[in-house]
Amino acid sequence: MSDTAKRLESALADRYRIERELGAGGMATVYLAHDVRHDRNVALKVLRPELAAVIGADRFLKEIKVTANLQHPHILGLIDSGEVDGLLYYVMPNVEGESLRDRLTHEKQLPIDDAVHITREVASALDYAHRHHVIHRDIKPENILLHDGQALVADFGIALAVSAAGGTRMTETGMSLGTPHYMSPEQAMGEREITARSDVYALGAVLYEMLIGEPPFTGPTAQAIVAKVMTETPRPLLPQRHTVPPHVQAAVLTALEKLPADRFGSAAEFAEALGRPRVAPTIPIAAATGRPAAYGIDWRIAAVIAVVALGVGAAATRLSRPGATPGPLGRFAIELEPTTTFAVSWGQGIALSPDGSLLTFVGRGPRGSQIYVRAMADSIARPVRGTEGGDGPFFSPDGRQIGFWLPQRLLRVPVAGGAPMQITDSAGPFGAWTDRGAVVFVDPSQRTLRLVDSLTGPRDVARSEPGGAFLAISPLPGGRAVLAAQFSGGRNRAHIVAVTLADGTTRDIGLPDAVMARYVSEGGGWVVYEQRAGGPIMAAPFDLSRLRVTGDGRRVAPEAWISYRGVAQWDAAGTSIVYMPPSQPQLVLVDRSGRWSALQGEPRLYHHPRFSPDGRRVVLDITDADGRDLWIADAADRRMSRLTLGETANDAYWSPDGRQLAYTALRGGLRAVFARSADGSGAADSIYADEHDHSSGAWTPDGRALILSTSLTAGLWMVPLAGSRRAVQIPGSRASEAFPAISRDGHWLAYVSDESGRQEVYVRPFPGPGGHSQVSVEGGSEPVFTRDGRELMYREDAGSVHRLIAAAIRTAPTFEVTRRTPLFDATNFIGAIDHANYDVSPDGRSFVMVRGPLGSHIELVQNWIAQLRVP
């Protein structure tokens with residue numbers, strides 16, 4: 001449960017019990033709550049803190065209470081509102097059903113009778129509210145709920161409250177009222193006095209979309225949409241859908257007139273016109289031309305005014321000449337729901353096209369995880385066919401193709417979708433397209449930077465420093481060099497390097513501790529970057545000829561989410577930055593059906609949980625402001641105690657007797673393996689370290705040795721805990737093996753190898769010799785034996801399907817898989833690179849796992865460069 005939810009539950013304990021978060025939008029976070037006084041479920045919405053700070057509690061509560069008296073069968077009423085612990089909230093009934101946006105996502109175009117019926121019910125609600133002097137201001141498919149065959153208008157009065165209470169100070173939050181696709185011209189212009197006819201316009205735009213499949217005006221940017229709203233006439237409906245009755249077309253186009261005086265005088269008149277065929281006038285031929293329509297002022301001035309009112313700048317705006325004035329700064333939430341949620345990603349899961357007009361991201365929708373694309377001006381994202389299970393998307397220089405990683409290959413696919421074509425058959429999850437058409441990428445170990453183009457096959461360009469890895473890659477103009485994040489010390493240190501592609505020369509550009517950098521040419525050339533420890537996204541001037549930062553960094557966007565792997569989830573192109581806001585995972589207990597409960601209520605960067613042999617404790621590592629250290633959680637009372645401090649410790653494993661822990665810690669730039677008492681007493685015992693950057697792995701059941709892994713780069717090794725402690729490679733081990741797990745009897749070693757072309761789980765006799773048996777059949781990783789030796793759990797990664805599988809096994813006289821039983825969808829439980837990121841309880845009935853954050857929106861900062869012009 002988030003800190004906000006806990007604060008709410010504590011303050012409202014006598015009235016509401018928070019059940020779970022339902023979603024987060026641009027203005028508020030929504031929780032499912034139980035009204036304890038009336039024994040019913042409700043939707044409790046909490047305004048975003050920055051918005052609440054601008055508005056103020058008194059003004060907000062005064063304005064929103066106006067809507068409490070709205071009682072209408074098609075209005076979702078206000079139950080309660082208030083301010084507690086600095087949080088502004090309001091409560092509405094919880095509606096079982098879907099929104100109109102949900103239905104449009106499934107069907108795209110609605111049957112004409114259904115569309116008209118929904119519109120007339122919404123018009124009835126609007127007319128009632130208008131007669132009570134309340135204007136909605138934000139009619140859109142997301143705010144129309146469908147329940148038992150009836151339409152309900154949600155959030156009635158919230159826009160009024162925000163507008164009246166916040167006034168012009170709304171621009172300080174970076175948020176805007178209304179959605180460009182549905183905003184009337186006068187609302188887009190920022191006029192303070194908005195009438196009922198503005199709601200009529202928005203409802204006309206919604207009906208237009210229900211009938212045609214898209215709003216009346218679309219465009220690559222919010223600015224482009226606003227310009228069309230101000231200057232163009234909507235295309236008639238009949239040429240696009242001949243079954244639309246002429247009177248319905250006439251009613252829609254009347255509702256969409258530019259001048260408020262030319263629209264229906266009320267929502268009731270709009271509803272009446274939809275039901276009266278005899279009132280249909282002839283539509284002038286000029287309406288089909290899309291020519292500019294006069295609105296009484298120069299349309300270019302109107303468009304600028306509209307953008308200022310919205311706080312929106314063009315995503316693809318270029319500063320084409322020295323000293324050009326940038327557009328206005330704006331910050332907005334790009335809602336992903338109801339289409340999908342931002343998925344946990346191995347690589348960079350979000351990218352902008354070079355001109356900033358397209359956004360692509362790794363999402364999880366109805367068919368599992370895949371890559372989605374969305375024009376910046378559109379209201380929803382769509383899945384790209386052929387990218388199921390894909391990750392790490394990046395655009396071609398012309399923005400027409402998307403490259404992506406599908407373990408262990410790199411593919412490309414047209415933005416419109418189609419059959420993927422292979423770029424290379426061996427790659428890691430980071431790639432970039434240079435403007436010369438070459439693709440620069442990492443190998444599966446991420447230790448080598450490689451290049452492939454149309455003339456040659458893949459070739460090595462540069463190798464990372466010992467024990468290091470390359471991550472995020474950004475091309476530089478001219479196609480001669482790229483920027484890349486170079487990590488070392490088990491990803492505990494990072495800096496940005498420029499790599500010359502012709503000879504592999506690598507040079508530090510002067511950004512220590514940065515995890516990602518993007519070069520943008522606007523305003524003379526800047527490097528946008530974020531540091532490993534988090535904090536805001538920064539921009540620093542960059543000299544292309546010297547490949548060097550030439551000045552101090554300045555804040556241009558809020559902090560973005562950096563995963564525990566050190567992967568920053570943001571991108572920059574032109575004058576736009578998109579980012580996933582920081583969100584912490586949860587430590588949870590999960591039963592075999594997939595039902596979960598929090599083992600720790602506070603979201604933090606949890607990683608690698610492991611049950612003690614008796615099942616009473618869980619060891620894990622947590623990354624926070626103090627670094628990365630080991631903690632132990634009591635499985636019964638949920639108490640946490642810290643075991644290490646300042647060791648950069650991770651990946652701990654219990655000894656068979658539960659008295660010791662083997663773990664990895666940073667020493668001298670490399671990850672080394674240590675052991676220490678599980679009760680925290682005594683000093684750490686150094687076990688092993690070498691240039692391979694080993695990670696600690698499973699203890700052998702006799703407690704005499706440790707199995708080490710190296711991220712699919714140097715195979716599996718065993719180091720004895722007595723004597724010389726000299727590590728030896730396990731007989732038969734290949735370089736492409738990781739994820740070691742030992743059976744309880746010590747006779748079988750489970751591991752993951754990509755020898756078949758993709759990662760699969762195998763088992764072979766331990767310590768050998770003997771042949772191996774394949775356990776997974778549709779892609780697999782993270783094997784874990786149950787304590788009774790009857791099952792081997794693993795994560796199945798079959799394209800867009802990510803499930804936890806229980807493989808029933810027989811080990812005598814030979815190893816055999818007798819049955820594979822899918823347990824539950826594991827997409828939202830975070831995996832790991834070279835070891836299982838979960839464990840099975842000693843009784844085999846539950847799992848301790850790390851549940852990933854489910855992002856429902858991506859933040860957009862437009863015209864960020866405007867901040868660099870301020871003295």
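The values are calculated or read from the model by the stated rules, or taken from the named source; none is laboratory data. Just so we're clear, the structure is a prediction, and the values are computed from it rather than from any experiment. Glycine gets a Cβ as well: all are built from the backbone with ideal geometry, and neighbour counts include every protein chain shown. Note: areas computed on protein heavy atoms with side chains; ligands, DNA, RNA excluded. Shrake-Rupley method; radii C 1.70, N 1.55, O 1.52, S 1.80 Å.
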Practice problem: Keeping the other protein chains in place, figure out the carbon and sulfur percent of the accessible area of the range 380-535, with a 1.4 Å probe. | Solution: 49
Quiz prompt | Around Ala11: net Lys/Arg minus Asp/Glu count, Cβ-Cβ under 10 Å | solution = -1
Practice problem: Please give, to one decimal in nm, the separation of the simple spin-label points placed at Asp398 and His38, each 7 Å out from Cα toward the Cβ. | Solution: 5.9
Practice problem: Please give, to one decimal in nm, the separation of the simple spin-label points placed at Ala808 and Gln109, each 7 Å out from Cα toward the Cβ. | Solution: 5.2
Quiz item: In percent, how large is the relative contact order of the range 402-537, given Cα pairs closer than 8 Å and 6 or more residues apart?
Solution: 13
Self-check item: Counted charge near Leu78, where neighbours are those whose Cβ lies closer than 14 Å (Asp, Glu -1; Lys, Arg +1)
Solution: -1
Quiz prompt | Charge tally in the Cβ shell below 11 Å around Tyr208, where Lys, Arg are +1 and Asp, Glu are -1, Tyr208 excluded | solution = 0
Quiz item: Cα to Cα, under 16 Å, and not fewer than 8 places away if on the same chain: which lysines meet these conditions relative to Lys108?
Solution: Lys140
Practice problem: For Ser545 and Arg704, compute 0.36 nm times the residue count separating them, minus their Cα-Cα distance, and round to one decimal in nm. | Solution: 51.6 nm
Quiz item: For the range 805-849, what D do you get in µm² per second when you plug the Kirkwood radius from alpha-carbon pairs into Stokes-Einstein at 10 °C and 1.306 mPa s?
Solution: 127
Quiz prompt | the range 574-629, accessible surface, carbon-and-sulfur percent (1.4 angstrom probe) | solution = 47
Self-check item: At R0 = 41 Å, FRET efficiency that the Cβ-Cβ distance of Glu98 and Val777 yields, to 0.05
Solution: 0.70
Exercise. At 7 Å along the Cα-to-beta-carbon direction for both Gln240 and Arg595, put a label point, then send me their distance in nm to one decimal.
Key: 4.7
Quiz prompt | the range 513-554-the range 110-146 distance, computed between alpha-carbon centres (Å) | solution = 47
Quiz item: What is the calculated FRET efficiency for Asp679 to Arg17, with r their C-beta to C-beta distance and R₀ = 45 Å, to the nearest 0.05?
Solution: 0.75
Exercise. Compute the FRET efficiency between Glu191 and Asp3 as 1/(1 + (r/R0)^6), taking r as their Cβ-Cβ distance and R0 = 45 Å, and round to the nearest 0.05.
Key: 0.70
Quiz item: Using alpha-carbon pairs under 8 Å, 6+ residues apart, how would you state the relative contact order of the range 520-623 in percent?
Solution: 16
Exercise. Place the peptides 130-140, 236-246, 597-607 in order of packing, highest mean first, counting for every residue the other Cβ atoms within 10 Å and averaging per peptide.
Key: 130-140, 597-607, 236-246
